[in-house]
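Down below is the structure, laid out as structure tokens.
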Amino acid sequence: MAAVLNNFFCWTIASRTRLKKEIRTRLRRIRLIGLAATATAAALSTSAAAQTAAPPREVYLAPDILTDQNGRMMTLERGLIFVPENRSNPDSRSIPLHFFRAPAKKPEPDRAPVVYLPGGPGYELDTTLPNVFDFIDRMRKTRDVIYVSQRGYPGASGLIPELWLSTPSAALDKPASMSKASAQLARSYKKALSVWNKAGVDMTGYDVLNAVDDVYDIRAALGYEKIALRGCSFGSQWSFSYIKRWPETVDRALLSGVEPLDFAYDSADWLWASMARVAAEAEAQPDFAPHIPEGGLLEVLKAVINRLEKNPVSVDVVHPETNQMVSVRLGADDLRMGAAKNFYAFDKDNDLENLAYWPKFILELYNGDYRMLAMMALSSRSEGNEALIAQTIDNSLGISTARDKRLKAEKARQWVDPNWYFYATRNVAGAPPTVPANFREDTPIDVPVLLVSGDYDWSTPIENAEHAEEFLIDGKLITVGGGTHCPLWNGEQLPAQRPDLTEAIYRFLDMDFENGSAADYLDTLPATINLDRLRYETPATPALYEQLDG
Amino acid sequence: MHSMKSMVINNSVNVLRFISSRPSSGAAKNKQSLLIESDSTAQRKPARSFLRRPRGDSLLAMLIAATISTTVQAEAPKRDIYLTPDIITDETGRTMAIERGLIFVPENRRDPDTRMIPLHVFRAPALAPETGRAPFIYLEGGPGYVFLEEKPDKLDLINSLRQTRDFVYIGQRGNTDERGLVPNMAFRAPSAPLDKPGSLKETGRRLADSYERALRRWNDAGVDMRGYDMDNAVDDIYETRAALGYDKIVLCGCSFGAQWSFAYIKRWPETVDRALLSGIEPLDFTYDSPDWLWATAARVAEEAEAYSAFAGRVPEGGLMKALQTVIKRLDETPVTVDVKTPNADDIVSIRLNGDDLRIGALNIWALGGSFEQSNLARWPKFVLELYEGDYRMLALIALADRTPQYDEQLFILAMDNSLGISPARDKKLRADTASQWIAPNLWYEATRNVAGAPPEVDDDFRKDAPIDPPVLMFSGDFDLSTPIENARHAEKFLNNGKLITVKRATHCPLWDYTLLRAQRPEETEAIYRFVDLDFEKTPASSYFEKLPATITLDPLEFASPETPALYEQILAQAGR
């Protein structure tokens, strides 16, 4: 590691020398990918001698200075590691993968670095955001912080082909149709995979297992044995995958927006339960209560879906790009496919402010004002461009037969279907294989793990985290009352409202668990942290559509 | 010489060759590394360990260098290059399969211990490849621009130029907008007070201070800012050429891209097949001539004065005289102007004097037009507004200058200053009459001798020298960035070249899709044939004879003095 720090252009000599010694004394690691060899691999990975060995990879490092929007600066190293595009193919080409390393402020010897894994998939950390600057800076108190980009994400730094999934626009004069949208998505996805596979990219390599081994290889190339994982949402699932595959190289993990390995597909019932918690709080708000129809907000939502199912409506709104009036025909599937929970579309400053408008949105629908829903439809029906890896990586985890069966039988699926695009794209040719079934199985995790999850999280319901907690031998779940997806990431939630407890959570990353056990530390943390009560917007304020800027 | 290229294409795999100074090749042979070592015959051995341009201290050194470059022209130090297939998709959905790559070149070739930096390149294959043809090398301008692949006109451009040759784009080292992994080398000058009038000296000092601080910050961080100079940028082309397996190249660029090309021709003439240049900037012409810029503005003014909408509105003596009058007036009596900022509803008071106008007088890009010629078409109105006492547009220009909202790329000044200016031209420009009215070289003069920047080339390098390969140049006589007089000067040194004057054209008339290509498509096609012709069969001179010396574009539709004030138009455009 010293060699790396001293030479910005460096072929990771230190790790390679160590590697050579180890190679002589141990079995060569068998790659798990594509093989039904999980058991063998698991046996190998428990061999302590093998834990830091990784194939040598070329690494390019450059100095850089991260500057946030407030002008604060952080000196770090940025790098490209050349990893196989597809580790299950011995003739695979190499691809460059971006990462950066921010050095520890007060380095302590031999400390595992914090490895931050972004969510999505199809997301790159925006280091100019002050809240991002803050948490990187906090995490590097005693440990180096390493950020790893997602392979194949064209929005990431480095040199990634333009692996986008483009979808055509859908008609505005017909209501949304889940079956038609699914068929179209499958066609577009299949075409994109075919185009890129023909162009010479191996799309079958853009799966979770290769992404896991990217982390493993970066760790080794930078000269570390163990790592502390930090991720939210897909970042947590990427972390769980890493823990499953390389447990001996994990020091601890701090995860939020918890997504266990068999939970790429969301439970409609649990999502509905999360929505019910928000509805209940709004219904209890004194100035909101008088506006609530009989049965409450979720009954209202059901009524609206039923009404649109029978009678689609046409709504005139001003198109935000052309400034022209357009007519949009809306139906029940518009809500089912995502609009029912898409509070992000309200375009307020942060998650909590958006969520505060959601009950008002439902009431507007009930009262026949569909304009906000029409704006959402304009957006969801316009030409799309998303990262191909969003489908390839998620589908590579897939779902177990048992869970698939259970989710399909869920009652709330008639109101919200969070998985329609997985169903649409899961068996398309040219995509990566799915992991072996036993990779998804819940297994005990014995490294210290702290989970932080919001009970208003509509992307990864808190029930996910409660399930994951059962398999933590040395772990804890902190429920953030009133927290949305990634309550530690979102600056307005834990960091702004509960700074002391946020600090206590991050201290989990600093602690030396060889002097003082993790369990003792976790005991000092509360099981629940409640955020301030959300102040819901009442129907008295102007309609959401009228509040949209421009 | 194409062995490596065909290997890359046939196997659709990346080729990552190894730096010759890499400690061990053991790992490369290890199958686990999955890296394929090229057995390229294009580069047999590193010719010289470092490409050092002979400095002007001895004629002998020049001669030795010249000898070397004629004998080992295709040889260059071996560089790692990584290539991946990619597909460009433009805004209309059209696609083009390309190879995209990173070439690892020394950050500073003058330092034997330098680190390597990745440089972004891409290659679009020839549509009807002919064997052994030199590729077309496209160089962006600025410095600071990147090739906008998603723009439909850029895709058209590539297709026009890759009929028989590969099209290769080479990014600018240090350009933070480029792909690859460029450190965020940027800086921002501090804001200047609004309640004091502008000052050339103060503006220069602010820029120089922040530039120097940024150079120090980045040099301290481990970047070697001295490597971001023309010397190294030229050798980036030379080495990319070699790494992609080519012997000779066709150069093409506008503005800084033209200057980069001239620098390449100066240094590696034997590897140049031909050059297609516009926005002409000879090597000693980084600093612009105030007199020539003034002459350009005068041509625009003259045309505007004859324009019907200006009838009866032009002051005695014409628009140029009016501009001088306003500068003198503001020198004597600075004014305070209240303006609304375009991006917010704030009203600010800003004090203006003659120096503000010296800085902003020819800043047509601030005038709110949608492309360059439409900006220029607003300029006579701008002058007239000033003369009639409406200083609000100038206030917006000064406000933007005094309160920088965006970071500047650090390498821009480093690169431009590395060419500098010869003492002779420096003296001549300072004596230009128009230097009392405009200050086009303020930035360079202020930052020329800042510590931590690259060294300047010598006078020998900047000196005009005859150019043998065929060169076709275009220049607009309304070009306020690189006046056509630059091109007329450069033309004198072309042994086998031609200048086409494009009347009424602004900067880069061939690349600006609103100019030649839109208005004179047939002539443009004839010009593009320069790229494909085989000059061994048809001499370039006979082709040049058939081309017109002048192409005249349509008259500009000047913004009328009767329309709302420019300031009001800009606020309306911003939705205020």
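The values are calculated or read from the model by the stated rules, or taken from the named source; none is laboratory data. None of the values given here were measured: they were computed from a predicted structure. Because the Cβ atoms are built from the backbone with ideal geometry, glycine has one as well, and the counts that use them run over all protein chains shown.
Here are the numbers for the structure shown:
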read-out	value
Top-ranked residue of segment A:167-219 - restricted to ones that are out of contact with any helix residue (DSSP H, G or I) (no Cβ under 7 Å at 6 or more places or on another chain) and basic (Lys, Arg), ranked as farthest from A:Lys244 (Cα to Cα)	A:Lys174
Residue in segment A:227-245 that is of a type in the set (Phe, Trp, Tyr) and in a loop (DSSP other than H, G, I, E, B) present	no
All strands (runs of 3 or more DSSP E) inside segment B:86-158 with 2 or more residues being within 30 Å of B:Asp534 (Cα to Cα), touching a Pro at 6+ places or on another chain (Cβ under 7 Å) and polar (S, T, N, Q)	none
Complete set of residues in segment A:307-347 that are at pLDDT 95 or above, under 16 Å from A:Pro359 (Cα atoms) and charged (D, E, K, R)	A:Lys341
So B:Phe104, is it buried (at least 18 other Cβ atoms within 10 Å of the Cβ) and away from chain A (no Cβ under 14 Å)	no
Search result, residues across segment B:263-317 that are under 30 Å from B:Asp166 (Cβ atoms) and free of Cβ contacts under 8 Å to residues at least 40 places away in the same chain	B:Tyr264
Odd one out for B:Ala487 among (1) in a loop (DSSP other than H, G, I, E, B); (2) buried (at least 17 other Cβ atoms within 10 Å of the Cβ)	(1)
Cross-chain or 6+ apart pairs with Cβ under 8 Å, segment A:318-342 first and of a type in the set (Ser, Thr, Tyr), then in a strand (DSSP E or B)	A:Ser327/A:Ser314; A:Ser327/A:Val315; A:Ser327/A:Asp316
Matching entry among A:Ala279, A:Ala339 (being more than 29 Å from A:Leu172 (Cα to Cα) and of a type in the set (A, V, I, L, M))	A:Ala279
Count of residues meeting criterion [farther than 17 Å from B:Trp218 by Cβ and at the interface with chain B (Cβ under 9 Å from one of its Cβ atoms)] in segment A:58-88	9
Any hit, segment A:286-307, residues being within 30 Å of A:Leu494 (Cα to Cα) and of a type in the set (Asp, Glu)	yes
Residue satisfying all of: in segment A:152-203; charged (D, E, K, R) and within 12 Å of chain B (Cβ to nearest Cβ); nearest to B:Val121 (Cα to Cα) among these	A:Glu162
Any helices (runs of 4 or more DSSP H) falling wholly within segment A:464-550 and containing at least 1 residues that are over 25 Å from the mean Cα position of the chain (by Cα) and at pLDDT below 95	A:518-524, A:544-547
Any chance A:Ala220 is crowded, with 22+ Cβ neighbours inside 10 Å and outside any helix (DSSP H, G or I)	no
Candidate set from segment B:197-245 (those that are within 24 Å of the chain's Cα centre (by Cα) and assigned to a loop (DSSP other than H, G, I, E, B)); member that is farthest from the other protein chains (Cβ to nearest Cβ)	B:Asp229
Evaluation of A:Phe100 against (1) assigned to a loop (DSSP other than H, G, I, E, B); (2) buried (at least 22 other Cβ atoms within 10 Å of the Cβ); (3) within 13 Å of chain B (Cβ to nearest Cβ) (one fails), failing number	(1)
Among the residues listed as A:Glu283, A:Glu321, A:Glu248, the single one being of a type outside the set (A, V, I, L, M) and in contact with a Gly (Cβ under 8 Å, 6 or more places away or on another chain)	A:Glu283
Test: residue in segment B:79-89 that is touching a Ser or Thr at 6+ places or on another chain (Cβ under 9 Å), more than 11 Å from every other protein chain (Cβ to nearest Cβ) and in contact (Cβ under 8 Å) with a residue 60 or more places away in the chain	yes
Subset of segment A:297-328 [part of a loop (DSSP other than H, G, I, E, B), out of contact with any strand residue (DSSP E or B) (no Cβ under 6 Å at 6 or more places or on another chain) and farther than 19 Å from A:Leu363 by Cα]	A:Pro320, A:Glu321, A:Thr322, A:Asn323, A:Gln324
Answer residue from segment A:142-151, given it is free of Cβ contacts under 8 Å to residues at least 60 places away in the same chain and within 14 Å of another protein chain (Cβ to nearest Cβ) and is nearest to A:Val132 (Cα to Cα) among those	A:Tyr147
Residues (surrounded by fewer than 22 Cβ atoms within 10 Å (Cβ to Cβ) and out of contact with any Phe, Trp or Tyr (no Cβ under 9 Å at 6 or more places or on another chain)) located in segment B:458-468	B:Asp458, B:Asp459, B:Asp460, B:Lys463, B:Asp468
Members of segment B:116-146 found to be buried (at least 17 other Cβ atoms within 10 Å of the Cβ), closer than 17 Å to B:Asp236 by Cβ and either among the aliphatic types (A, V, I, L, M) or within 14 Å of chain A (Cβ to nearest Cβ) (or both), listed by number	B:Met116, B:Ile117, B:Pro118, B:Leu119, B:His120, B:Val121, B:Phe122, B:Arg123, B:Ile137, B:Leu139
Criterion: out of contact with any helix residue (DSSP H, G or I) (no Cβ under 6 Å at 6 or more places or on another chain), in contact (Cβ under 8 Å) with a residue 40 or more places away in the chain and closer than 24 Å to B:Tyr264 by Cα - qualifying residue of B:Phe104, B:Phe147	B:Phe104
Wholly enclosed helices (runs of 4 or more DSSP H) of segment A:377-455 bearing at least 2 residues within 30 Å of A:Val328 (Cα to Cα)	A:388-397, A:420-425
Filtered residues of segment B:430-449 (kept if within 30 Å of B:Trp218 (Cβ to Cβ) and in contact (Cβ under 8 Å) with a residue 24 or more places away in the chain)	B:Ala439, B:Pro440, B:Asn441, B:Leu442, B:Trp443, B:Tyr444, B:Glu445, B:Ala446, B:Thr447, B:Arg448
